[in-house]
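K.L.:
Before I ask anything, here is the structure I am working with.
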Amino acid sequence: MDKKEITIGVLALQGAVELHRPHIEACGAVFKSVKTQKDFEEIDGFILPGGESTTMLRLIKTFGLWDVLAKHFSEKPVWGICAGSILLAEKVTNPEQDSFGILPITVQRNGYGRQLDSHHAEIEGYKVSFIRAPVITEVGEGVEILAEHESQPVWVRKGNKVASTFHPELTDAYPSPMHKHFIDLVQSGL
Ligand code: GLN
């Protein structure tokens, strides 16, 4: 049977959006940058990109998108990257802030400290970047840890909700294993 063509929407309010395109296309899926209620309808899976979670929160609220995004995120596969993982988390610390709370994890913003604003690492043999990244300090029931770094979970999943505290999209070997994993998940219809 032919695989259904799927469309991945990258929330384009702020942050690293276009860099996801080659990874998504290398998986045979369609990339779409999304920022209006109408855009969200045609999407099979969402990526919440890295950026600045406080700015994204402000824009989501300013544009009145909170409720519609909360509905789509609860129904469809979603992958939050860095700031995106902060938006998905059940609880945010350092400082506390609002979040959609659809993944039972606690994240500590800027958890690697100021001295280590940014660093690279290999996850699943793939070079990724931690940029003012949060640390996942707690995982709730049913959360699967897909990868750890320095003994802390950095890539986690529960059902069709995924979070990574690192950016895989900055590396230009397409697709990253994380994009492949997410798109396979969307394709599986979970
Ligand atoms: N430090 C940012 C925040 O708290 C996240 C950084 C990133 O997405 N690369 O929102």
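K.L.:
So P168 clears everything in (1) surrounded by fewer than 23 Cβ atoms within 10 Å (Cβ to Cβ); (2) in contact (Cβ under 8 Å) with a residue 60 or more places away in the chain; (3) under 18 Å from V17 (Cα atoms) except one condition, right? Which one?
P.N.:
In the conditions (1) surrounded by fewer than 23 Cβ atoms within 10 Å (Cβ to Cβ); (2) in contact (Cβ under 8 Å) with a residue 60 or more places away in the chain; (3) under 18 Å from V17 (Cα atoms), P168 misses (1) alone.
K.L.:
Output the residues belonging to the range 38-71 that are at pLDDT 95 or above, closer than 27 Å to D184 by Cβ and more than 16 Å from the ligand (Cβ to nearest atom).
P.N.:
Passing the criteria: D39, F40, I43, D44, G45, V68, L69, A70, K71.
K.L.:
Among the numbered conditions (1) aliphatic (A, V, I, L, M); (2) more than 22 Å from T7 (Cα to Cα); (3) crowded, with 19+ Cβ neighbours inside 10 Å, tell me where L59 comes up short.
P.N.:
Condition (3) is where L59 drops out.
K.L.:
From the residues in the range 81-96 that are part of a strand (DSSP E or B) and not charged (D, E, K, R), which one is surrounded by the most Cβ atoms within 10 Å (Cβ to Cβ)?
P.N.:
The qualifying residue surrounded by the most Cβ atoms within 10 Å (Cβ to Cβ) is I81.
K.L.:
Do any helices (runs of 4 or more DSSP H) entirely within the range 1-65 hold 2 or more residues that are over 13 Å from the mean Cα position of the chain (by Cα) and more than 20 Å from S176 (Cβ to Cβ), and if so, which? Break it down into steps so the answer makes sense when it comes.
P.N.:
Values: elements: 21-26, 37-41, 53-62.
In the range 1-65, 37-41, 53-62 are the helices (runs of 4 or more DSSP H) which contain 2 or more residues that are over 13 Å from the mean Cα position of the chain (by Cα) and more than 20 Å from S176 (Cβ to Cβ).
K.L.:
Does the range 132-150 contain at least one residue that is in contact (Cβ under 8 Å) with a residue 60 or more places away in the chain, crowded, with 17+ Cβ neighbours inside 10 Å and not polar (S, T, N, Q)?
P.N.:
no
K.L.:
Picking from S74, S99, which residue would you name as being in contact with a strand residue (DSSP E or B) (Cβ under 7 Å, 6 or more places away or on another chain), more than 21 Å from S129 (Cα to Cα) and either in a helix (DSSP H, G or I) or within 12 Å of the ligand (Cβ to nearest atom) (or both)?
P.N.:
After applying the criteria, what remains is S99.
The values are calculated or read from the model by the stated rules, or taken from the named source; none is laboratory data. Since the structure is predicted, the reported quantities are computational estimates derived from the model, not experimental observations. A quick note on method: Cβ atoms are made from the backbone with ideal geometry, for glycine too, and the neighbour counts reach across all protein chains shown.
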